[in-house]
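As structure tokens, the structure follows; a few thoughts come after it.
The values are calculated or read from the model by the stated rules, or taken from the named source; none is laboratory data. The model shown is predicted, which means the values in this text are computed figures rather than measured ones. Here the Cβ positions follow ideal geometry from the backbone for every residue, glycine too, while neighbour counts run over all protein chains shown. The protein model used for the area step is the full one, side chains on, heavy atoms only, and it has no ligands, DNA or RNA in it. Shrake-Rupley method; radii C 1.70, N 1.55, O 1.52, S 1.80 Å.
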2 protein chains.
Amino acid sequence: MELRHLKYFMVIAEELHFGRAAQKLNISQPPLSQQLKQLENELQVKLFHRTNRSVEMTEAGKVFLENTYNLFNYLDYACETTRGVHRGEIGELTLGYSGSAVFDLLPTIIHSCNQHFPSLTLDMKQLTTSEQIKALEERKIQVGLLVPPIESPNLITEKIREEKLVVCLPKNHPLAQRRTQIDASELAAENFIMPPQQAGYGYYDAIKNIFEDASFTPNIVQTAKEQHTMVSLVAAGIGIVIVPEYTQFIKLDNVVYLPFNKHYPKITAMVWHKENKRPVVNRFIRVVQEQVIPRFN
Amino acid sequence: MELRHLKYFMVIAEELHFGRAAQKLNISQPPLSQQLKQLENELQVKLFHRTNRSVEMTEAGKVFLENTYNLFNYLDYACETTRGVHRGEIGELTLGYSGSAVFDLLPTIIHSCNQHFPSLTLDMKQLTTSEQIKALEERKIQVGLLVPPIESPNLITEKIREEKLVVCLPKNHPLAQRRTQIDASELAAENFIMPPQQAGYGYYDAIKNIFEDASFTPNIVQTAKEQHTMVSLVAAGIGIVIVPEYTQFIKLDNVVYLPFNKHYPKITAMVWHKENKRPVVNRFIRVVQEQVIPRFN
DNA sequence: ATTATTGATATCTTAAAAATATCATTCAGG
DNA sequence: CCTGAATGATATTTTTAAGATATCAATAAT
């Protein structure tokens, strides 16, 4: 059985006339009779009662016709879905993101995808930069939002935005009263909370760069992975912490955020695997490039 | 696109190797490559990534494979259903029946069909004999259970069973005290309730036959279509009525049923259209012939 | 009785599927 | 770095089967 047989059968069923059906199919009548006969032989079912004067459907024919229509509809649907996947318009991908993307970047991406990429199913996983690099290599996630630099030669990095680093300190801290810009050297004597180095070099190095700029070696009293944790430790008076500016969305009663008098940037980048073969991933990247990155620059 | 393309695609997807897939399909490798290429061209979608060393599915290919499996499953189902309809194993029909079939015949038929014809959907309509004949001619019902004789040359009749006619009279009637067999002539002076003649000749004639046998002209005071109605009228003292024996299932406090001292039969028959083309109808008739009729004889 | 209509059949033609032979690329092993 | 095995693609020929033409048989309308 081939789809040709089914197509011919449908047209005969529409016309109930072999001659007209053949015309509609741009073939002559005899092969049409033959093809239908083949179909009936294979099914072992007569699909039409036919005398030399008239054609009418059998009960079984009616049922088979119904099913044939469904089959072709399903085939159309299957082809369209497949094309959609090919063009990257349909599909799912897993996005890794570091904590600092939660406040503004992630909502913007989700919103843009809802608008420009409605048939994307976006799974999301919060991971540190190093976890993301591993996950990208292992194809557990397809795209990561993290803090560069990254080493891997298999991964492509594209900068999304730059955040200023700010200092977060308890409200009752002497510097907090000033409510003005801070010079890094003023922090020389402080106790610092730091992100763990193994979570990723980018953020860690951006902070270390500040210390180098101010020429002092910080006194590190605690490490913490999550932004929330770090800010809570500040509130508890354990020490102070340098965070990207959007962490200011975390508002606690007894912490304040103050800017530096110099621009210390922390970069957030989108990263993906060089040898990606999934169209949906390429399209997602394009949507971020075209819709999201411009809003942050 | 033809089913051949899809079959080939599935085997390539299974093997991920053109040579082995071709072997499995009993064709050589080059035509397999070509057919797949045709499919990909028609879809405008690459279904496999292939280097000269390896074959792997694309995202779109995976989706199309899934759909292809579904398509073939559906096709199998469609063919099986169609064959079932052809053999008369699947389908629905409408059965007409006269009131007197309700008590024993109809339940037996339903039970037999549930057992021996489970995928039959049986619609049922209570109709008089004449209504059934009309409905059979108009193909509104496919089989009827009625009281012969019938005239139409297009209809085939087969006797199912014979019932004795009995007389139904009020408990306080003088004859009711006897509780023995009645001679028809004893009823000469009674008031009679009769079925309307236009409901069908069979039952009416069977009763008329009794009057002729006893050589009197009955005094008809009322007509009624339904057995229930007739018996209720007897209970109300309007008159007496002659009914088939299974009407005794209708038990009212102040009516009794008495047999005749002669056998006055009423026949119930199965009737269907001579030019029936629906396999399900033939099969139903066969089930009744083989399963139901023997139980009543 | 005659003719037009309609699906089936027989035979021939053509298109396309499949086979054969060969090529290009790549990777393994020396 | 070369050689050979593995593998999918390409070119060409062969075979299969779809389709065309001519014709028939049966039926219904005139």
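In table form, for the structure just shown:
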item	result
Elements of type strands (runs of 3 or more DSSP E) contained in segment B:132-225, each with 2 or more residues being crowded, with 18+ Cβ neighbours inside 10 Å	B:143-146, B:155-170, B:191-194
Every pair of residues 6+ apart whose Cβ atoms lie under 7 Å, when the first sits in segment B:11-40 and is more than 7 Å from DNA strand C (Cβ to nearest atom) while the second is open to solvent by less than 80 Å² (accessible area, probe 1.4 Å) and charged (D, E, K, R)	B:A21/B:E15; B:K24/B:E15
Residues of segment A:101-122 classified as open to solvent by 50 Å² or more (accessible area, probe 1.4 Å) and of a type in the set (F, W, Y), total	1
Scan of segment B:42-92 for residues that are open to solvent by less than 70 Å² (accessible area, probe 1.4 Å), more than 10 Å from chain A (Cβ to nearest Cβ) and within 28 Å of the chain's Cα centre (by Cα), ordered by number	B:E89
3 or more residues modelled with pLDDT of 95 or more and not acidic (D, E): qualifying strands (runs of 3 or more DSSP E) within segment B:1-115	B:91-97
Which numbered condition A:E15 misses (of (1) more than 9 Å from chain B (Cβ to nearest Cβ); (2) out of contact with any Lys or Arg (no Cβ under 7 Å at 6 or more places or on another chain); (3) among the charged types (D, E, K, R))	(2)
Within segment A:265-280, considering residues that are within 14 Å of chain B (Cβ to nearest Cβ) and out of contact with any Leu (no Cβ under 8 Å at 6 or more places or on another chain), the one surrounded by the most Cβ atoms within 10 Å (Cβ to Cβ)	A:P279
Checklist (1) out of contact with any strand residue (DSSP E or B) (no Cβ under 7 Å at 6 or more places or on another chain); (2) modelled with pLDDT under 90 applied to A:P148, failing item	(1)
Among residues of segment A:234-249, those that are without any contact (Cβ under 8 Å) to a residue 60 or more places away in the chain and surrounded by fewer than 20 Cβ atoms within 10 Å (Cβ to Cβ), counted	2
Complete set of residues in segment B:116-131 that are out of contact with any Gly (no Cβ under 6 Å at 6 or more places or on another chain), more than 21 Å from B:R295 (Cα to Cα) and not in a strand (DSSP E or B)	B:S119, B:E131
Per-region count, segment B:281-291, residues more than 12 Å from B:H116 (Cβ to Cβ) and either in contact with a Lys or Arg (Cβ under 9 Å, 6 or more places away or on another chain) or surrounded by fewer than 17 Cβ atoms within 10 Å (Cβ to Cβ) (or both)	1
Complete set of residues in segment A:79-102 that are hydrophobic (A, V, I, L, M, F, W, C) and within 14 Å of A:V292 (Cβ to Cβ)	A:L95, A:A101
Scan of segment A:19-41 for residues that are within 14 Å of chain B (Cβ to nearest Cβ), within 9 Å of DNA strand D (Cβ to nearest atom) and open to solvent by 50 Å² or more (accessible area, probe 1.4 Å), ordered by number	A:Q38
